[in-house]
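Have a look at the structure below before the remarks.
The values are calculated or read from the model by the stated rules, or taken from the named source; none is laboratory data. This structure is a prediction, so every number in the text was calculated from the model and none was measured. Counting neighbours? That spans all protein chains shown, and the Cβs are built from the backbone with ideal geometry, glycine included.
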Amino acid sequence: MTQLEFPKNENLIFMCKIILFNKPFDVLSQFTDSDGRKTLSHYLHQKNIYPAGRLDRDSEGLLLLTDEGRVQHLISHPKHKMDKTYWVQVEGQVNSAACDALLNGVKLKDGLAKAKSAQWMTTPDVWARVPPIRDRKTIPTTWLQLIIDEGRNRQVRRMTAAVGFPTLRLIRYSIGEWNIENIAIGESKEIAIPHYIERELNSPKWQKMKNKINNWPRRKGR
């Protein structure tokens, strides 16, 4: 992963938060919505935090939030290519040819997309989705573990559809070193800032990027 570097600011380091949230299905990755749909505000009550990246309304699992724009950039910007692990339930019995195609790259409207890893997995021990996926008794389903280092819009769903296996359920298990182990659905956990981020926050190169990052638009926070 490419790493940004920032200058020393002890107060900022100690105040900075990273929150791991296990997002339920049918929840927007933002704190407000004019149409009355369920948002992060139903679950998270900390002030001045922002999602670092996004997770679609119909997807579940790990969403990272922070109160520091530079950390948000480090986590979410495509330049840094953090690995993201997804548990994907697809329609049909996936064969090795489909996994190979995901690894070699599939053509999407916005270019070639490759998985870093694509493999079968046993049904994970996870919460029941509400509502459940559609059940078609005559068609089996398969669970896959996919690892990608991009974050294009609905990328995993488009990739599995491209190889003939529509996604029925999508859970993001991890981003980089962070995962949803021991975090119940709808629950969150605040964690300490990793040492490598502290080192980056202490670099003199921060001044060159300060204004640019501070002026970037953020997803809706609270």
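Key figures for this structure:
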{"read-out": "The range 27-45 residues that are free of Cβ contacts under 8 Å to residues at least 40 places away in the same chain, paired with ones that are surrounded by 18 or more Cβ atoms within 10 Å (Cβ to Cβ) and aliphatic (A, V, I, L, M) (beta carbon under 8 Å, 6 or more apart)", "value": "VAL27/LEU40; LEU28/LEU40; ARG37/LEU28; LYS38/VAL27; LYS38/LEU28; THR39/VAL27; THR39/LEU28; HIS42/VAL27"}
{"read-out": "Near pairs, Cβ below 6 angstrom, 6+ apart or cross-chain, from the range 110-121 (closer than 15 Å to ASN95 by Cα) to any residue that is in a strand (DSSP E or B)", "value": "SER117/ILE147; ALA118/LEU146; GLN119/GLN145; MET121/TRP143; MET121/GLN145"}
{"read-out": "Matching residues in the range 150-162 - criterion: being in contact with a helix residue (DSSP H, G or I) (Cβ under 9 Å, 6 or more places away or on another chain) and either free of Cβ contacts under 8 Å to residues at least 24 places away in the same chain or over 26 Å from ASP125 (Cβ atoms) (or both)", "value": "GLU150, GLY151, ARG152, ALA162"}
{"read-out": "Residues of the range 128-158 satisfying the condition of being within 17 Å of the chain's Cα centre (by Cα) and of a type in the set (S, T, N, Q)", "value": "GLN145, ASN153, GLN155"}
{"read-out": "Conditions (1) within 19 Å of GLY176 (Cβ to Cβ); (2) of a type in the set (Val, Ile, Thr); (3) at pLDDT 95 or above: number failed by ILE18", "value": "(3)"}
{"read-out": "Elements of type strands (runs of 3 or more DSSP E) contained in the range 71-133, each with 2 or more residues being surrounded by 13 or more Cβ atoms within 10 Å (Cβ to Cβ)", "value": "84-91, 106-108, 117-121"}
{"read-out": "Which numbered condition LEU28 misses (of (1) surrounded by fewer than 18 Cβ atoms within 10 Å (Cβ to Cβ); (2) assigned to a loop (DSSP other than H, G, I, E, B))", "value": "(1)"}
{"read-out": "Search result, residues across the range 32-77 that are of a type in the set (S, T, N, Q) and either out of contact with any strand residue (DSSP E or B) (no Cβ under 9 Å at 6 or more places or on another chain) or within 22 Å of ALA184 (Cα to Cα) (or both)", "value": "THR32, SER34, THR39, SER41, GLN46, ASN48, SER59, THR66"}
{"read-out": "In the range 134-165, residue surrounded by the most Cβ atoms within 10 Å (Cβ to Cβ) [restricted to those that are in a helix (DSSP H, G or I) and not charged (D, E, K, R)]", "value": "THR160"}
{"read-out": "Evaluation of ASN182 against (1) of a type in the set (S, T, N, Q); (2) at pLDDT 90 or above; (3) assigned by TED's automatic domain parsing to the domain that holds VAL90; (4) surrounded by fewer than 11 Cβ atoms within 10 Å (Cβ to Cβ) (one fails), failing number", "value": "(3)"}
{"read-out": "Which numbered condition ASN48 misses (of (1) surrounded by fewer than 16 Cβ atoms within 10 Å (Cβ to Cβ); (2) in the same structural domain as VAL163 (by TED's automatic domain parsing))", "value": "(2)"}
{"read-out": "Residues of the range 166-182 satisfying the condition of being within 17 Å of GLY53 (Cβ to Cβ) and either assigned to a loop (DSSP other than H, G, I, E, B) or without any contact (Cβ under 8 Å) to a residue 24 or more places away in the chain (or both)", "value": "GLY176, GLU177, ILE180"}
{"read-out": "Filter result (touching a residue at least 60 places away in the same chain (Cβ under 8 Å), assigned to a loop (DSSP other than H, G, I, E, B) and on the phi < 0 side of the Ramachandran plot) within the range 47-61", "value": "LYS47, ILE49, ARG54, LEU55, ASP56, ASP58, SER59"}
